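The values are calculated or read from the model by the stated rules, or taken from the named source; none is laboratory data. This structure is a prediction, so every number in the text was calculated from the model and none was measured. Cβ sites come from the backbone with ideal geometry, for glycine too, and all protein chains shown count toward neighbours.
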Amino acid sequence: MNTAAWIPDLFMKRVQEDLDWTLFSPSDVPELHHIFGAAFERKYAEYEKQTHTGQISHFKVMKAKDLWRKILSMLFETGHPWITFKDPCNVRSPQDHAGVIHNSNLCTEITLNTSAEETAVCNLGSVNLARHMRDGRLDHAMLAETVKTGMRMLDNVIDINFYPTVEAETSNMRHRPVGLGIMGLADALYMLDIDFDSEEAVKYNDEMMEAISYYAILGSSELAQERGAYFSFPGSKWDRGILPLDTLSLLDVERGEHIDVNRTSVLDWTPVRASIKQHGMRNSNCMAIAPTATISNIVGVYPCIEPIYKNLYVKSNLSGEFTVINDYLVADLQKIGLWDAQMVSEVKFHDGSIQKIDRIPQRIRDKYKEVFEISPEWVIKSAAVRGKWIDQSQSVNIFIKGASGKVLQDTYMMAWKMGLKTTYYLRTLGATAIEKSTGSSSAVSSSLSTAGLVSAVSALSTSTSEVAAEETPIVFAVQTPTIEMVAAPEKKEYSEKEKVMCSIMNGGACEACQ
């Protein structure tokens, strides 16, 4: 079962301020699930007062930080619950006049209203960014044509689709939401010679997503001119002249804190606003970034909005095992005459990472960092600037190397502060590594079994230790891959109490955390 925590802003504020949080029985507080923002905060405070007067007897009070730590600990250990934020989803929704968003979908990119009468349905498509790069830049003319064609196709699907329930058909016909996303972001950055963990990449994400938002919204409005506006358009944010970028200010007001995301734009949105005012919108929602794991493989690009997972890995299917390598890396190494048999062996030795191969120029090593070599803050920053243009949400996976509770806490707090609506999986990589039996990478034979190309420690690690906001150490179990190995030097065994105390006193520097 996949689960997520649907977190109100009030809870995150109390975590920041180290205040108490009250747990209620849902039957005693039925309104809370259907309200958000300032209205939720007022009603929640009212219910808390009722616990003091005896009107509510089933409740539990605990420190908000303690509950937050338990959530993060479970997330680290199992990958669930995914962290999603109730208020940004609702405050920024174009359909705030027609209901409430109570949850997201499996991949956390769909944020649509649901009720007893309506089951949310969203038809998805993704733009291949790599195919829209021309002469070192994003081809806007080609992108506009692709996006508008995509919007028309997705709108057609609504009418010709099969609906298994009346509630699903009712919702889709009334609101006609679609979700156009992207894939191949890593490919586009490679083509532009931009590092994923750079301000230049954040700027590209901002301007690229603005362009897709511009053409998608304009495309939907042009469809409204041709086919008519969707049924529930009157009263929507579109009808009130409020576009996704404008909703960040609404979130500022509801939260009572400034969302730390720039509000700049590079395109002239006047024609888009004028078209909406005159013709309305064909679709209640236009954009959502899905994971695209399968379709990205089919078209030969890297999934959705993620950095590359591995420069070298083995893919298995019914036909056998195939070694897959980053073609962009190979091309750059060929240009400087470094792609040879020895380099192949060194890349294999390091399981695809090139950060410890000194003869590769630093510029190339920076460009081809793998996902666990990139600080999660860059994933959050890029997601935040994309999010200001999106009327639904994004499947944002978080990748963290090591077992630092503080890094985990800081990452998800940063996601909330920057206004993200949802996050998806937490992927973690243990600090433990397996020592190879050879003395140096140059001595590795190029005939190493492909089954050993990717170290077993790349697998997600689990732990029975709780991840606290401080640097709580985690003990990892390491499986043995198929290549020959020798044991790493023995370490002192620490009790759980020793590890926790060491972590609190010394943060990430203690030996037990390594």
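A few points about this structure:
- Cys304 being under 25 Å from the mean Cα position of the chain (by Cα), over 30 Å from Gln355 (Cβ atoms), among the hydrophobic types (A, V, I, L, M, F, W, C) and buried (at least 23 other Cβ atoms within 10 Å of the Cβ): no
- Filtered by the rule that a residue be surrounded by 17 or more Cβ atoms within 10 Å (Cβ to Cβ), at pLDDT below 95 and in a helix (DSSP H, G or I), region 261-298 gives Ile295, Ser296.
- Restricting Ser393, Ser404 to residues that are within 30 Å of Met74 (Cβ to Cβ), within 27 Å of the chain's Cα centre (by Cα), at pLDDT 95 or above and of a type in the set (Ser, Thr, Tyr) narrows the list to Ser393.
- Just one of the listed residues (Asp159, Asp193) is acidic (Asp, Glu), in contact (Cβ under 8 Å) with a residue 24 or more places away in the chain and over 20 Å from Ser104 (Cα atoms), namely Asp193.
- Among the residues making up region 275-322, those that are within 20 Å of Lys421 (Cα to Cα) and small (Gly, Ala, Ser) are Ser284, Ala288, Ala290.
- For Asn311, the conditions (1) crowded, with 22+ Cβ neighbours inside 10 Å; (2) in contact with a helix residue (DSSP H, G or I) (Cβ under 7 Å, 6 or more places away or on another chain) all hold with the exception of (1).
- Sole residue being out of contact with any Leu (no Cβ under 9 Å at 6 or more places or on another chain), within 30 Å of Val121 (Cα to Cα), surrounded by 17 or more Cβ atoms within 10 Å (Cβ to Cβ) and modelled with pLDDT of 95 or more, chosen from Asp246, Asp239, Asp197, Asp252: Asp239
- Residues located in region 61-87, provided they are within 14 Å of Pro8 (Cα to Cα) and among the polar types (S, T, N, Q): Thr84
- Inter-residue pairs, beta-carbon under 7 Å, first within 16 Å of Val314 (Cα to Cα) and in region 338-359, second surrounded by 15 or more Cβ atoms within 10 Å (Cβ to Cβ) and of a type in the set (Asp, Glu), 6+ apart: Gly352/Glu370; Ser353/Glu370; Ser353/Glu373
- Candidates Glu41, Glu46: the one that is buried (at least 16 other Cβ atoms within 10 Å of the Cβ) and of a type in the set (Asp, Glu) is Glu41.
- Only helices (runs of 4 or more DSSP H) whose full extent lies in region 118-214 are considered here, and the ones with at least 2 residues that are among the basic types (Lys, Arg) are 140-160.
- Scanning region 118-153 for residues that are of a type in the set (A, V, I, L, M), touching a residue at least 40 places away in the same chain (Cβ under 8 Å) and touching a Gly at 6+ places or on another chain (Cβ under 8 Å) yields Leu124, Val127, Leu129, Ala130, Val147, Met151.
- Scope region 90-149; condition surrounded by fewer than 19 Cβ atoms within 10 Å (Cβ to Cβ), under 23 Å from the mean Cα position of the chain (by Cα) and among the hydroxyl-bearing types (Ser, Thr, Tyr); matching residues: Thr114
- Pairing each residue of region 19-39 that is within 15 Å of Ile101 (Cα to Cα) with any residue that is among the acidic types (Asp, Glu) and part of a helix (DSSP H, G or I), provided the two are 6+ apart or on different chains, yields C-beta distances under 6 Å for Phe36/Asp87; Gly37/Asp87; Gly37/Glu254.
- Which listed residue, of Ser93, Ser115, Ser73, Ser104, is of a type in the set (Gly, Ala, Ser) and either assigned to a helix (DSSP H, G or I) or without any contact (Cβ under 8 Å) to a residue 12 or more places away in the chain (or both): Ser73
- Test: Ser73 is within 22 Å of Thr114 (Cα to Cα) and either among the hydrophobic types (A, V, I, L, M, F, W, C) or out of contact with any strand residue (DSSP E or B) (no Cβ under 8 Å at 6 or more places or on another chain) (or both): no
- Qualifying residue in region 129-147 (condition: polar (S, T, N, Q) and either touching a helix residue (DSSP H, G or I) at 6+ places or on another chain (Cβ under 6 Å) or modelled with pLDDT under 95 (or both)): no
- Figure legend. Inter-residue proximity from region 254-265: first residues among the basic types (Lys, Arg), second residues part of a loop (DSSP other than H, G, I, E, B) and surrounded by 12 or more Cβ atoms within 10 Å (Cβ to Cβ), beta-carbon distance below 8 Å, spacing 6+ or different chains. Indicated pairs: Arg263/Lys388.
- Meets criteria (part of a loop (DSSP other than H, G, I, E, B) and within 30 Å of Met413 (Cα to Cα)) for Ser382: no
Listed here are the residues, each with its yes/no results for (1) β-branched (Val, Ile, Thr); (2) modelled with pLDDT of 95 or more; (3) part of a helix (DSSP H, G or I); (4) buried (at least 22 other Cβ atoms within 10 Å of the Cβ).
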residue	(1), (2), (3), (4)
Thr323	yes, no, no, no
Val330	yes, yes, yes, no
Gln355	no, yes, no, no
Lys369	no, yes, no, no
Phe399	no, yes, no, no
